[in-house]
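S.K.: Have a look at the structure that comes next, please.
The values are calculated or read from the model by the stated rules, or taken from the named source; none is laboratory data. Keep in mind that what you see is a predicted model, and the values were worked out from it rather than measured. Don't worry about glycine lacking a Cβ; one is built from the backbone with ideal geometry, like all the others, and counts go over all protein chains shown.
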Amino acid sequence: MGKIKKALLALKLIIKHPYLLNHVLNSEDVHQKKFVHKFGLADGLPLLRLEELFPDFEETVSPYAYLSGATMPIDIALLKGIARKINAKSYFEIGTWRGESVANVADVVPECVTLNLSRKEILAFRNDERYADAHAFFSKPLDNVTHLEGNSQQFDFTPYKGQFDMVFIDGDHHYETVKKDTKSAFELLRDEKSVIVWHDYGFDPETIRWSVLAAIWEGTPEEKRPHLYHVANTMCAIYLPETLPTEPLIPYSTPKHYYQVTLKSVPVLSSKL
């Protein structure tokens with residue numbers, strides 16, 4: 001009777017407040033059950049360890065501010081490591097925030113392009129001048145970073161198709177947005193060696209964000225799906241056109257590797273990072 005009462009109460013709430021139905025339909029449990037039923041992959045994407053990508057993994061992440069909404073340092077280190085691994089000459093990023101990720105990649109890639117909402121769109125989303133001012137803070141001073149403005153869902157990517165060795169998707173993380181950004185990203189790739197990285201594939205390195213996984217999977221051409229991986233210890237998924245040893249994700253398993261972190265405070269200079 002308890003479950004029946006709860007179900008009836010939930011139904012009454014949805015009838016009274018129809019918008020609550022969206023919360024039900026978009027819940028991670030629903031996405032997980034739907035995805036696993038349709039595609040399998042009960043453990044998510046195969047887990048690719050950093051040590052399989054980089055036998056001697058070592059990167060310096062700078063700049064990094066340790067402020068709200070930031071990508072984890074290890075995720076940025078992954079971007080730099082991949083850029084070095086494939087000798088990337090061009091990089092496209094969807095979703096810039098403070099510009100930490102692209103500022104780091106710009107240290108190893110000659111040409112970087114980012115796409116972010118315009119200031120007007122940002123203020124319409126969140127009426128906060130300081131929030132708007134924070135966007136691209138670290139990347140604006142860099143000569144090899146071009147900042148484009150627009151919503152990736154309506155942006156015309158035609159002039160940029162087939163030009164990039166590497167694409168990083170870190171914009172809006174709702175299902176439909178990620179799916180559309182994924183389709184756009186594959187059109188941006190230069191050749192069969194080019195790579196895509198998605199942020200927030202997980203809520204954390206051991207917890208899959210099933211709505212994002214579903215969007216990545218469905219936005220990826222079927223023949224390229226065998227090359228989708230979850231990079232261990234990160235919140236990132238990656239399209240890497242290589243076949244590498246993988247394993248299933250087992251949450252709370254004993255760590256096989258740990259990482260040494262050195263912190264150094266560096267003052268921000270307005271003219272140069």
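S.K.: Looking at the range 156-176, which of its residues are of a type outside the set (D, E), more than 16 Å from the chain's Cα centre (by Cα) and either part of a loop (DSSP other than H, G, I, E, B) or not assigned by TED's automatic domain parsing to the domain that holds A83 (or both)? Step through it out loud before you land on a result.
M.R.: We begin by selecting, within the range 156-176, every residue of a type outside the set (D, E); these are 157-164, 166-169, 171, 173-175.
Subsequent filtering for residues that are more than 16 Å from the chain's Cα centre (by Cα) retains 157-164.
Passing the criteria: F157, K161, G162, Q163.
Conditions (1) under 22 Å from I82 (Cα atoms); (2) assigned to a strand (DSSP E or B), marked per residue:
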site	(1), (2)
V108	yes, no
V113	yes, yes
K120	no, no
R130	no, no
F138	yes, no
T146	yes, yes
Q154	no, no
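S.K.: Sticking with this structure for a sec: Please identify the pairs in which a residue from the range 177-191 that is in the same structural domain as D165 (by TED's automatic domain parsing) has its Cβ atom under 7 Å from the Cβ atom of a residue that is of a type in the set (K, R) and surrounded by fewer than 22 Cβ atoms within 10 Å (Cβ to Cβ), counting only partners at least 6 apart or on another chain.
M.R.: The qualifying pairs are E187/K161; L188/K161.
S.K.: Quick check on E218: is it out of contact with any Ser or Thr (no Cβ under 6 Å at 6 or more places or on another chain) and over 17 Å from G40 (Cβ atoms)? I'd like the intermediate steps shown before the answer.
M.R.: Working: out of contact with any Ser or Thr (no Cβ under 6 Å at 6 or more places or on another chain): yes; over 17 Å from G40 (Cβ atoms): no.
Criteria not met by E218.
Results for (1) at pLDDT below 95; (2) loosely packed, with under 14 Cβ neighbours inside 10 Å; (3) hydroxyl-bearing (S, T, Y); (4) under 18 Å from the mean Cα position of the chain (by Cα), shown as yes or no for each residue.
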position	(1), (2), (3), (4)
E52	yes, no, no, no
E58	yes, yes, no, no
V61	no, no, no, yes
G69	yes, yes, no, yes
P73	no, no, no, yes
I76	no, no, no, yes
G81	no, no, no, yes
F92	no, no, no, yes
S101	no, no, yes, yes
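S.K.: For the range 251-271, does any single residue satisfy the condition of being assigned to a loop (DSSP other than H, G, I, E, B) and under 21 Å from the mean Cα position of the chain (by Cα)?
M.R.: yes
S.K.: OK, next. Residue by residue through the range 177-200, note down the ones that are outside any loop (DSSP other than H, G, I, E, B), within 21 Å of S27 (Cβ to Cβ) and not basic (K, R).
M.R.: Matches in the range 177-200: T177, V178, W198.
S.K.: Could you check, for the range 213-228, whether at least one of its residues is β-branched (V, I, T), out of contact with any Pro (no Cβ under 8 Å at 6 or more places or on another chain) and at pLDDT below 95? Show your work before the answer.
M.R.: To start, the set of residues in the range 213-228 that are β-branched (V, I, T) comprises 216, 220.
Those still in the list that are out of contact with any Pro (no Cβ under 8 Å at 6 or more places or on another chain) too: 216, 220.
This time we only want the ones that are at pLDDT below 95, so: none.
Scanning the range 213-228, I find no residue that is β-branched (V, I, T), out of contact with any Pro (no Cβ under 8 Å at 6 or more places or on another chain) and at pLDDT below 95, so the answer is no.
S.K.: In the range 201-245, what residues are of a type in the set (S, T, Y) and part of a strand (DSSP E or B)? Walk me through how you get there before you give the answer.
M.R.: In the first step, residues of the range 201-245 are kept if they are of a type in the set (S, T, Y); the result is 201, 207, 211, 220, 229, 234, 239, 243.
Of everything in the range 201-245, those that are of a type in the set (S, T, Y) and part of a strand (DSSP E or B) turn out to be T207, Y229, Y239.
Residue by residue, here is whether (1) assigned by TED's automatic domain parsing to the domain that holds N144; (2) out of contact with any Phe, Trp or Tyr (no Cβ under 6 Å at 6 or more places or on another chain); (3) free of Cβ contacts under 8 Å to residues at least 24 places away in the same chain; (4) more than 15 Å from I169 (Cα to Cα) holds:
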{"position": "F54", "(1), (2), (3), (4)": "yes, yes, no, yes"}
{"position": "L78", "(1), (2), (3), (4)": "yes, yes, no, no"}
{"position": "G95", "(1), (2), (3), (4)": "yes, yes, no, no"}
{"position": "E100", "(1), (2), (3), (4)": "yes, no, no, no"}
{"position": "L117", "(1), (2), (3), (4)": "yes, yes, no, no"}
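S.K.: Any residue at all in the range 225-237 that's surrounded by 16 or more Cβ atoms within 10 Å (Cβ to Cβ) and polar (S, T, N, Q)?
M.R.: Scanning the range 225-237, I find at least one residue that is surrounded by 16 or more Cβ atoms within 10 Å (Cβ to Cβ) and polar (S, T, N, Q), so the answer is yes.
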